[in-house]
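Engineer: Handing you a structure now.
FYI, it's all coordinate maths here, none of it is from the lab. Only a predicted model underlies this, so the values are computations on that prediction, with no experimental measurement involved. Ideal geometry is used to build each Cβ from the backbone, glycine not excepted, and the neighbour counts take in all protein chains shown.
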Amino acid sequence: MRRARHTVAGLLLLGACSRESLALPPGWTATEATAFQRQHETDTATPTGPLSTVGSHYLGPGQSLILGVVDGALVVDPPTAGERVRIEVTDDGARCLEGCGPLPVEVTERRQVSFDRFTLGLSPQSGTLRVLIHDPKSPALSAFDGLVWFPVDPAFIVPARWQPDAERPSVDLSTSRGLTKSFVRAGTLTARVQDHDITLIGYQAGPEGTLLVPLTDQTTGVQSYPVGRYLEVSVPTEGPAVLDFNRLTNPWCAYSEHYNCPIPPKDNQLALSIAAGEKVYAAH
């Protein structure tokens, strides 16, 4: 019995020491978090950012789209001949037949097409081709007066243990448009925040080495965006990962209905308030 008690005590001590060994890497400060927020505001308000998005088309196999400019407005199926963009989607994929260059091009990854004052963003999405229409004169962009943030708090910058998923399975997350998007379940992040032990799932959603962590917390639907928020996390090459919740941002759907945003899964629902990062967008 005594030996068993010693074993349990040893495990508890090992766990405590293990937690204490997680040191925050250099460079993760309130100043850096503030700089990130300022840059995110700039990115949100670019001529091809979410505030400039005034239209969208989601094309499935067998569908096509012709766009032209008439009296300064971008219209579908323009009545007169002239410069235009023509796109079609078949079972073999998407092609831009006119307006994307001197020759037809396959659309296998994201690309932008300049057309008059507009920019078209082409992107394969959930078995469809998404065509976003950006207008630098959009009312939302003209009215933009900054984002709303919780005060930057160093207490919400914490080290996290990164546990890669050896199988890296492909999983489908539901989206804001009632569709699904496939992501690679890359692994888990465990940390201690505000006296709570948390575990979050990280998904491969972009460049190798960058994780998307979509989550909800007790501010969701109250002070922060009702669907949830996103955190990007760098996969560490050594040492711990870092969760800087001051860098939590709203999905682009918070600014425009034309986006197809993954909804945070139940596994990433936190039972504590993360009073850090971006709040509800005032114009939403």
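Engineer: Report, in deg cm²/dmol and to the nearest 500, the calculated mean residue ellipticity at 222 nm for the chain, where each DSSP H run with n ≥ 4 adds -39500 (n - 2.57) and the sum is divided by the residue count. Intermediate results must be reported in sequence, preceding the final value.
Structural biologist: Numbers: 3 runs with 38 residues, N = 284.
Per the formula, -4000 deg cm²/dmol.
Engineer: Okay, next question. So what's the angle, to the nearest 10 degrees on a 0 to 90 scale, between helix 2-20 and the longest Cα principal axis of the chain?
Structural biologist: 40
Engineer: Quick check: the angle from helix 30-44's long axis to the longest principal axis of the chain, C-alpha only, nearest 10 degrees?
Structural biologist: Computed tilt is about 20 degrees.
Engineer: Only Cα pairs within less than 10 Å get springs; with that Gaussian network setup on the chain, which residue of 215, 173, 132 has the largest fluctuation?
Structural biologist: Of 215, 173, 132, the most mobile in the Gaussian network model is 173.
Engineer: How large is the dipole of the range 138-284 about the Cα centre if only Lys and Arg carry +1 and Asp and Glu carry -1, each at its Cβ, rounded to the nearest 20 debye? Numbers along the way, then the final one.
Structural biologist: On the way: 10 positive and 15 negative charges, 47 e Å.
Charge dipole, the range 138-284, about its Cα centre: 220 debye, nearest 20.
Engineer: For the chain, divide the Cα radius of gyration by the Kirkwood radius and give the resulting Rg/Rh value with two decimals. Display every interim value, and only then the final one.
Structural biologist: On the way: Rg = 22.6 Å, Rh = 21.3 Å.
Checking Rg against Rh, the ratio lands at 1.06.
Engineer: In what order do 217, 145 fall by count of nearby beta-carbon atoms within 10 Å, going from fewest to most? Walk me through the intermediate numbers first.
Structural biologist: Details: 217 25, 145 8.
The most exposed by this proxy come first: 145, 217.
Engineer: Grab the other residues whose beta carbon is less than 15 angstrom from that of residue 142, score K and R as +1, D and E as -1, and report the net. The partial results should precede the final answer.
Structural biologist: Working: positive: 117, 137; negative: 135, 145.
Cβ neighbours under 15 Å give a net charge of 0.
Engineer: What is the magnitude of the charge dipole of the range 50-141 about its Cα centre, with +1 placed on the Cβ of each Lys and Arg, -1 on the Cβ of each Asp and Glu, and no other charges, expressed in debye to the nearest 20? Write out the running numbers ahead of the final one.
Structural biologist: Values: 8 positive and 11 negative charges, 54 e Å.
Here the size comes out at about 260 debye.
Engineer: Taking K and R as +1 and D and E as -1, what net charge do the other residues with C-beta under 13 Å from the C-beta of residue 74 add up to? Before the final figure, lay out the partial values.
Structural biologist: Details: positive: 84, 117, 137; negative: 71, 77, 83, 116, 135.
Charge balance in the 13 Å sphere: -2.
Engineer: Sticking with this structure for a sec: Order 71-80, 241-250 from most to least packed using the mean count of other Cβ atoms within 10 Å.
Structural biologist: On the way: 71-80: 10.6, 241-250: 23.5.
The densest-packed peptide leads the list: 241-250, 71-80.
Engineer: Based on other C-beta atoms within 10 Å, arrange 255, 281 from fewest to most.
Structural biologist: On the way: 255 23, 281 17.
Fewest-to-most Cβ neighbours within 10 Å comes out as 281, 255.
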